[in-house]
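The structure under discussion appears below in the form of structure tokens.
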Amino acid sequence: LPYGNTPENNKCSMVKNIPIPNNHFHKRWAPNASHKGHIKTFFNQPAKKKSRRLARAAKAKAIFPKPVSGQLRPIVQCCTQRYNIKVREGRGFTLQEIKAAGFPNKQTARSLGVAVDHRRVNKSEEGLARNVDRLKAYKSKLIVYPLRAKSKKARAEARTKRASEAIQQSKGARYIPGFRIATTRAAEAPRTLTEVEIPPKHHTTLPAPFFGSRGNSRAGPVTTA
């Protein structure tokens, strides 16, 4: 460009001290381009949705009568002082909980669909009793099928009979029916605060020097030793 204040220079002149525009709009959309840009498309999302649904149904049929959601997990408190009022799904039940629920050992519990974590320890009686009751309720509803039928024909009939039932269990795949952990707390109904819950008014009880010369006159005279 020529120097000086010319019409050609005024067309491309910049205002203020800002970075020079250096935008890159040359995206290489072609999949066989030598310098392909970082472009990821998801045009196959509808097909993937269908394939995932069919895979869940096939898995439910293959592992029937085991639940698709996996093993039974305990209820544990969240970590840190900020989140310890909430509960979540833990890794596995402790050995103490397994023993208190009536399982002979951890191998038997795992074979019946119960997750076991030998590292976790119980810190409170409430948490121990809560998970023991959870295990006992699971045992009361547990149905153990034989591993193998006596004949090949019986196995084929059982497989055909349970095929339709296996498809149904894939619908609640996120949790075992009846053992979902409620992560939301029930809202407490409005009520009147008691005298113990009402915070005290310290400006009516502390001496006047705590509030300067215009402190509470009802605090009375201040005596010093």
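FYI, it's all coordinate maths here, none of it is from the lab. All of these numbers come straight from a predicted model, not from anything done at the bench. Heads up, the Cβs are rebuilt from the backbone with ideal geometry, glycines too, and the neighbour counts pull from every protein chain shown.
Among 64-76, 124-136, how do they line up by average Cβ neighbours within 10 Å per residue, starting with the highest?
In decreasing order of mean packing, 64-76, 124-136 become 64-76, 124-136.
For the stretch 49-143, with the dipole built from +1 on Lys and Arg beta-carbon atoms and -1 on Asp and Glu ones, taken about the Cα centre, which of ILE75, SER51, GLY90 lies farthest toward the positive end?
The residue sitting most towards the positive pole is SER51.
Which of the peptides 52-63, 80-91 is most tightly packed, and how do the rest follow, going by the mean number of other Cβ atoms within 10 Å of each residue?
Output ranking for 52-63, 80-91: 52-63, 80-91.
Which of the pairs LYS99/LYS136; LYS86/LYS141; LYS61/LYS141; LYS61/LYS139; LYS86/LYS136 have their Cα atoms more than 18 Å apart in this structure?
Going by Cα-Cα distance, LYS86/LYS141; LYS61/LYS141; LYS61/LYS139; LYS86/LYS136 fall outside the 18 Å limit.
Ranked highest first by the average count of other Cβ atoms within 10 Å around their residues, in what order do 92-99, 108-115, 177-184, 40-47 fall?
92-99, 108-115, 177-184, 40-47
Per-residue HN-Hα couplings for the stretch 43-55, Karplus 6.51 cos²θ - 1.76 cosθ + 1.60 at θ = phi - 60°, whole Hz, x for Gly and Pro?
Couplings: 6, 9, 4, x, 5, 5, 4, 5, 5, 5, 5, 5, 5 Hz.
Return the long-range amide H neighbours of PHE93 (sequence gap of 5 or more, or a different chain), with a cut-off of under 5 Å between placed amide H atoms.
Distant-sequence amide H within range of PHE93: ALA115, VAL116, ASP117.
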